[in-house]
Amino acid sequence: MWAVVATSLRVSVVAVAIAVLAGVPAGLYLGMRRSVVRNALLVLANAGMGLPPVVVGLVTAMALSRRGPLGSLDLLYTRPAMVIAQVIIAVPVVAAVTAAAAASVPFELRLQARSLGASQLHEAMLVLKEARMGLVAAVAAGFGAVISEVGAVMMVGGNLEGSTRVMTTAIVQYTRMGRYGPALALSAVLLALIVVVNTVLAQVQRSAERFERS
Amino acid sequence: MSAVLEATQIRKSYRRREVLDVERVALAPERTLALLGPSGAGKSTLLAILGLLERPDAGRIVLDGREVTAADRSARMQVAAAFQRPWLFKGTVGANVAYGLALRGVPASERRERVAEALARVGLAGWEERSALTLSGGEAQRVALARALAVRPRVLLLDEPLASLDPVVKWRLAREFAELLHEDGMAVLWVTHDQDEAAVVADEVAVMRDGRIVASGPADEVFLVPGDPWAAGFLGLEEPAAGVVAEVTDGVARVACEGADVFAVADVRPGERVRIGVRPEDVVLFEATADVPASSARNRLRCSVTALEHTGTTFRVVLACGGVRLAARVSKAAVRELSLAPGAQVLAVFKATAVRLARERSESEGASR
């Protein structure tokens, strides 16, 4: 059972890390810019938050299948395939939540930074710092979206024991087999994990509260 | 004195509506120019353009003899600004004051010294470790000024820096800031809609209306003889009367105006055409028949009250003294005692030293827009 938990964590942490690397800069762009292109991309990011995991799983599986455009990589039913699917699910979530947090930073604050000599990159770094509470929320939302996701990882991972079986797919498997005990035990671990991760993130937020805008 | 920052032919429109059309504005070293005007006059837009924070549609900005634009970051490094709200960043007071220094690559040890120095200058020595977001309005504005001063800018732009403070803090800071700004060799632009604040801080004043500068010059001249009827009204003055210097005796000029003579201490010559300015605060009213004892107040004009305006704690009395129109500021008790009302006759008394004369400008010397 612990191997399944470890696989879940490994895949989700890698996926969230990649999603943060891609989603935070994208979210900053969406939150700081004002243009027609930005508006269209923001609609896409917001819509992407509701992306059905089974659709992501289907598209990823087709792309990675032997006849698909990425078939030569031979990744289907491997952990990297699960990471790819989870990144696709998490990036819009991280980007949209980051964008909302960045947009809430007053423009005048950016103007103030600019008036002291800030470049656009400095401005973005300032917004990141000012919106860090929202950034923590973005990470939490991204993690929540992938750790509890089942459809996509099942389709691209295949639920192979000792390799691509994760907590959610194992719970489905045990339930189908009528083994409610292990299914409930894994569910409890999954819930505990989500609580622990969110407690840590909440602690990060609290530690910054002394410097929060009232 | 050559200007540190000079902007000419500046134009800006938003959605096809022209909001700025300024022929020239210049900031000189060690001088504070107060940009005065009502809300919506374009003051903040002009400040943003001078601060290279916004691009004008047309015009030229020259900083230390070099034409610059908003894209020129090295030029932006020479300018610092503080706004009506202090807009402090999350973090400590020290981190806020150090922000501009870090952007300029100032080493950490020097940064600490300059932060301490800037905080000491605004009266907050030792406040480095406090959270910036738990300060009072006055304290936050001091930190904002320290943050701007720390980078030792050539040009300091202050956009209504005291507008959101309560009156007691506001006047204390106005006096302190004015003193501070004169210690440095910076050129300062101080935007405000409050003429009393401008009078405290400014060496020079430019009055804006509808995106244009309608009056400008040394503060004591603009506040007495603004050279524009609208600016005069905005500053609480009546339109300056015009007259001719009839004679000059021992430095005191007698100016013949329509229906009244006005005495002024001024460096003028007989025959010159001048305009006359007197601040309402300098005019004292008596009953028309009062026997006012001899004093240094040379001007005693019989006037009739044409209007009486309630302006908070005082009243503004508009007077017609022959062809000379004056305003006086009086208390409620004075209004009662003198039975002031439109049509009432009074004696207006003011010193020759309280009168400012401005030579009539020829057409080609018209005030800059």
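Miscellaneous remarks
- Filter result for A:LEU184 (assigned to a helix (DSSP H, G or I) and over 24 Å from the mean Cα position of the chain (by Cα)): yes
For (1) in contact with a Phe, Trp or Tyr (Cβ under 6 Å, 6 or more places away or on another chain); (2) touching a residue at least 40 places away in the same chain (Cβ under 8 Å); (3) at the interface with chain A (Cβ under 9 Å from one of its Cβ atoms); (4) assigned to a loop (DSSP other than H, G, I, E, B), each residue gets a yes or a no:
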residue	(1), (2), (3), (4)
B:GLU30	no, yes, no, yes
B:SER39	no, yes, no, yes
B:SER44	no, yes, no, no
B:LEU47	no, yes, no, no
B:LEU52	no, no, yes, yes
B:PRO56	no, yes, no, yes
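- Scanning the stretch B:116-131 for residues that are surrounded by 15 or more Cβ atoms within 10 Å (Cβ to Cβ) and more than 30 Å from the chain's Cα centre (by Cα) turns up B:ALA116, B:TRP127, B:GLU128, B:ARG130, B:SER131.
- Scope the stretch B:1-21; condition under 11 Å from B:ARG60 (Cα atoms) and surrounded by 17 or more Cβ atoms within 10 Å (Cβ to Cβ); matching residues: B:LEU5, B:GLU6, B:ALA7, B:ILE10
- Being in a loop (DSSP other than H, G, I, E, B) and either under 23 Å from B:GLY123 (Cα atoms) or aromatic (Phe, Trp, Tyr) (or both) holds for only one residue in B:LEU165, B:LEU237, B:LEU189, and it is B:LEU165.
- Lone qualifier among B:ALA150, B:ALA202, B:ALA198 - being within 29 Å of B:VAL106 (Cβ to Cβ) and modelled with pLDDT of 90 or more: B:ALA150
- The stretch A:143-189: number of residues that are in contact (Cβ under 8 Å) with a residue 24 or more places away in the chain, buried (at least 20 other Cβ atoms within 10 Å of the Cβ), under 27 Å from A:VAL59 (Cβ atoms) and not polar (S, T, N, Q): 15
- Test set (1) closer than 20 Å to B:ALA198 by Cβ; (2) facing chain A (nearest Cβ under 10 Å); (3) among the small types (Gly, Ala, Ser) - B:ALA163 fails condition number: (2)
- Selection of the stretch A:111-160 for residues being of a type in the set (Asp, Glu), under 28 Å from A:GLN86 (Cβ atoms) and either at the interface with another protein chain (Cβ under 10 Å from one of its Cβ atoms) or not in a loop (DSSP other than H, G, I, E, B) (or both) yields an empty set.
- Counting only residues that are of a type in the set (Ser, Thr, Tyr) and either surrounded by 13 or more Cβ atoms within 10 Å (Cβ to Cβ) or not in a loop (DSSP other than H, G, I, E, B) (or both), the stretch B:271-327 holds 4 of them.
- Condition met for A:ARG38 (more than 30 Å from A:SER163 (Cα to Cα) and charged (D, E, K, R)): yes
- B:ALA242 being of a type in the set (Gly, Ala, Ser), in a strand (DSSP E or B) and under 27 Å from B:ALA198 (Cβ atoms): yes
- Hits in the stretch A:80-128 (condition: hydroxyl-bearing (Ser, Thr, Tyr) and crowded, with 19+ Cβ neighbours inside 10 Å): A:THR98, A:SER115
- Qualifying residue in the stretch A:20-32 (condition: without any contact (Cβ under 8 Å) to a residue 24 or more places away in the chain and in a loop (DSSP other than H, G, I, E, B)): no
- Residue list for the stretch B:104-122, restricted to those being more than 9 Å from every other protein chain (Cβ to nearest Cβ) and in a loop (DSSP other than H, G, I, E, B): B:GLY105, B:VAL106, B:PRO107, B:VAL122
- Selection within the stretch B:133-154 - in contact with a strand residue (DSSP E or B) (Cβ under 6 Å, 6 or more places away or on another chain) and within 11 Å of another protein chain (Cβ to nearest Cβ): B:ALA144, B:ALA148, B:VAL151, B:PRO153
- Only residues that are farther than 13 Å from A:ALA138 by Cα and buried (at least 22 other Cβ atoms within 10 Å of the Cβ) were counted across the stretch A:8-30, and they come to 5.
- Residue within the stretch B:137-155 that is of a type in the set (Gly, Ala, Ser) and outside any helix (DSSP H, G or I) present: no
- Filtered by the rule that a residue be at the interface with chain A (Cβ under 9 Å from one of its Cβ atoms) and of a type in the set (D, E, K, R), the stretch B:72-85 gives B:ARG73, B:ARG76, B:ARG85.
- Of all residues in the stretch B:86-103 being of a type in the set (Val, Ile, Thr) and closer than 15 Å to B:THR134 by Cα, the one that is farthest from the other protein chains (Cβ to nearest Cβ): B:VAL93
The values are calculated or read from the model by the stated rules, or taken from the named source; none is laboratory data. Quantities reported herein were computed from a predicted structural model and do not represent experimental measurements. As a convention, Cβ positions derive from the backbone with ideal geometry for all residues, glycine included, and neighbour counts pool all protein chains shown.
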